[in-house]
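Beneath this line is the structure, given in structure tokens, with notes to follow.
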Amino acid sequence: MVKMFHEVPNHIFTDTNDIKSHLYTDGDYALVHLLQTNKTYRELFFTSINSGREVILDNSVIELGEAFSTEDYVEWICKLNPTWYIIPDALGNYRLTIDNFYKFINYDIDTVKYHTASKAIGVVQGNTLSEMFDCFSIFHESKHIEMIALPFKPKIYEELSNFALKAGFFNDIDIFINLPITNLHKWVMGRKILMDVITSGYKNGIFHKKIHFLGCALPQEGLLYDKEIYPMIYSTDTSNPIISGIEGVRYGNMGLYEKSKTTIDDIINLKLNQEQIDNIIFNMNKFKDFWR
């Protein structure tokens, strides 16, 4: 089964509070800017590492608009020693993402390998399907990359989905039937199209590395991926079940049709009430169901 990594507020992070988030997740997802600025968050992640939990460290590019300072990021990788870390990327920018990747492996990766056992994740970025595929191929060929992440909302997904909708490719998919199609749906469709292009390489024995789904537009996206057809999908991360639950929203049988603009930064120190906790548990279990 695909592993679940949910970004959660400090209040429900460990098994010492009202909800044991570790019981509902397969690992923990750390944002480097919060490690630097939030002492409680930082201490919780060191505890998580010491307890043997699987941890992914993110460079916070979504939250900050650009990747965290590479020098500081390397320092935090070495301090935390996460299971995985995401090499600095640039949102939607193929060339800058590849440039950042080569700079990192030329100047920083030896330091990381000397001080940690952490494994690198490369994030596919680009403005065209060709750029996305080329980026994936570069990461797959690199001995330094052990898992490849596909982001959830590159602009190219909207273009790909517009073409697919005109061709009727998603007409018989339950999660899209009789719905007004928004950009959220298009991001789900676009990543599915990219996955299907990549999957042909796995079927032909060209590709073999694990894939991580970086964030999600809609939680029901998992319903599109049969484990028998897409065994390369190793994990996914999102704060959506938690933020939706906090805001009083429970997933329906087909997930959600909207997405909150609240971020993990907004709720990181929030003390939750029992109703919010119950909603979160419901959503995390439902999210798992979507990915079964």
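A short reminder: the numbers here are calculations on the coordinates, not readings from a lab. On a predicted model such as this, the values are computed, not experimentally measured, just so you know. Positions of Cβ are backbone-derived with ideal geometry, glycine not excepted, and every protein chain shown enters the neighbour counts.
Key figures for this structure:
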read-out: Proxy reagent accessibility, fewest Cβ within 10 Å first, across ILE98, ILE62, ILE280; value: ILE62, ILE98, ILE280
read-out: Fewest-first ranking of THR238, THR263, using other Cβ atoms within 10 Å as the exposure measure; value: THR263, THR238
read-out: Rg [Å, one decimal], Dmax [Å, integer] - the chain, C-alpha atoms; value: 18.5, 54
read-out: Net charge over other residues, Cβ less than 15 angstrom from the Cβ of GLU258 (K, R count +1; D, E count -1); value: +3
read-out: Sum of side-chain charges, LEU184 neighbourhood, beta-carbon under 11 Å (Lys, Arg +1; Asp, Glu -1); value: 0
read-out: Percentage relative contact order, region 18-176, counting C-alpha pairs under 8 Å, at least six apart; value: 16
read-out: The chain: calculated mean residue ellipticity at 222 nm from DSSP helix runs of at least 4, using -39500 (n - 2.57); value: -13500 deg cm²/dmol
read-out: Contact order normalised by residue count of the chain, Cα under 8 Å, 6+ apart, percent; value: 19
read-out: Longest to shortest principal axis, alpha-carbon extents of region 69-156, angstrom; value: 37, 24, 22
read-out: Within-12-Å neighbourhood charge of LEU91 [Cβ basis; K, R +1; D, E -1]; value: -1
read-out: Loop-located chymotrypsin sites (Phe, Trp or Tyr not before Pro) in region 222-273, at most 16 other Cβ atoms within 10 Å (DSSP); value: TYR257
read-out: Ellipsoid semi-axes in whole angstrom, largest first, where each is sqrt(5λ) of the Cα gyration tensor of region 88-129; value: 23, 10, 6
read-out: Given LYS261/LYS288; LYS143/LYS192; LYS79/LYS143; LYS119/LYS209, the pairs whose alpha carbons are separated by over 20 Å; value: LYS261/LYS288; LYS143/LYS192; LYS79/LYS143
read-out: For region 1-125, Kirkwood radius (reciprocal of mean inverse C-alpha pair distance, Å); value: 15.0
read-out: Sparsely packed chymotrypsin sites (Phe, Trp or Tyr not before Pro) within region 143-184, loop by DSSP, other Cβ within 10 Å at most 12; value: none
